[in-house]
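Step one of this worksheet: look at the structure below.
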Amino acid sequence: MIDGLTLAVGAAAVALAAWCGFAAYRDQPTKDWHFIGMAMVTLLVVVQLAIGVVLLARGEQPADGTGIFVAYLIGAAAAVPAAGFLSLAERTRWGSVTVAAGAFVLAVLEVRLFDIWGGSAGA
């Protein structure tokens, strides 16, 4: 995988989690600006998904197995959009908490993607 992109997605996810967490602290629901932030993070994840699929199609293999790598890629791509849809149903501060949690989950998934691809082995 491209380490810089994984780092960018992780950093964007942490920033989104902090932003939505602050909104929840201020007792605010998710607003249009939050959804724009979710869209930007999701766009980065979709680019990562496409690159991961291309790398697999070229014959490159993750260190810990293709199946688990694909599962984490799909999970990463679904984390923020799922949280965003759930926040639409909960138009209170808890919607912001949901997005913050989803973004934090994405950041953790990025760390695992890095490890699964073999980043910790000195990529």
- Query: Would it be correct to say that Leu106 is part of a helix (DSSP H, G or I), in contact with a Leu (Cβ under 7 Å, 6 or more places away or on another chain) and within 15 Å of Thr6 (Cα to Cα)?
  - Reply: no
- Message: What's the total number of residues in region 102-123 that are open to solvent by 40 Å² or more (accessible area, probe 1.4 Å) and either of a type in the set (Val, Ile, Thr) or under 11 Å from the mean Cα position of the chain (by Cα) (or both)?
- Response: 4
- Message: Go through region 33-61 and report how many residues are under 20 Å from Ala101 (Cβ atoms) and either among the hydroxyl-bearing types (Ser, Thr, Tyr) or over 19 Å from the mean Cα position of the chain (by Cα) (or both).
- Response: 1
- Task: Determine if region 54-62 includes at least one residue that is modelled with pLDDT under 95 and crowded, with 21+ Cβ neighbours inside 10 Å.
- Result: yes
- Filtering region 13-39 down to residues that are out of contact with any Leu (no Cβ under 6 Å at 6 or more places or on another chain), open to solvent by less than 40 Å² (accessible area, probe 1.4 Å) and among the hydrophobic types (A, V, I, L, M, F, W, C) yields Leu16, Ala17, Cys20, Ala23, Ala24, Met38
- Filter region 1-31 down to residues that are under 25 Å from Leu49 (Cβ atoms) and either of a type outside the set (S, T, N, Q) or part of a loop (DSSP other than H, G, I, E, B) (or both), then give me how many there are. 20
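For every residue, the table says whether it meets (1) small (Gly, Ala, Ser); (2) open to solvent by less than 20 Å² (accessible area, probe 1.4 Å).
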| site | (1), (2) |
| --- | --- |
| Val41 | no, yes |
| Val46 | no, no |
| Ala50 | yes, no |
| Ala79 | yes, yes |
| Glu90 | no, no |
- Scanning region 92-101 residue by residue, those closer than 11 Å to Ala23 by Cβ, open to solvent by 40 Å² or more (accessible area, probe 1.4 Å) and aliphatic (A, V, I, L, M) turn out to be Val97
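The values are calculated or read from the model by the stated rules, or taken from the named source; none is laboratory data. Small disclaimer: the values here were computed from a predicted structure and weren't measured. Please note: Cβ atoms are built from the backbone with ideal geometry, for glycine as well, and neighbour counts cover all protein chains shown. What goes into the accessible areas is simple: the full protein's heavy atoms, side chains included, and nothing from ligands, DNA or RNA. Shrake-Rupley method; radii C 1.70, N 1.55, O 1.52, S 1.80 Å.
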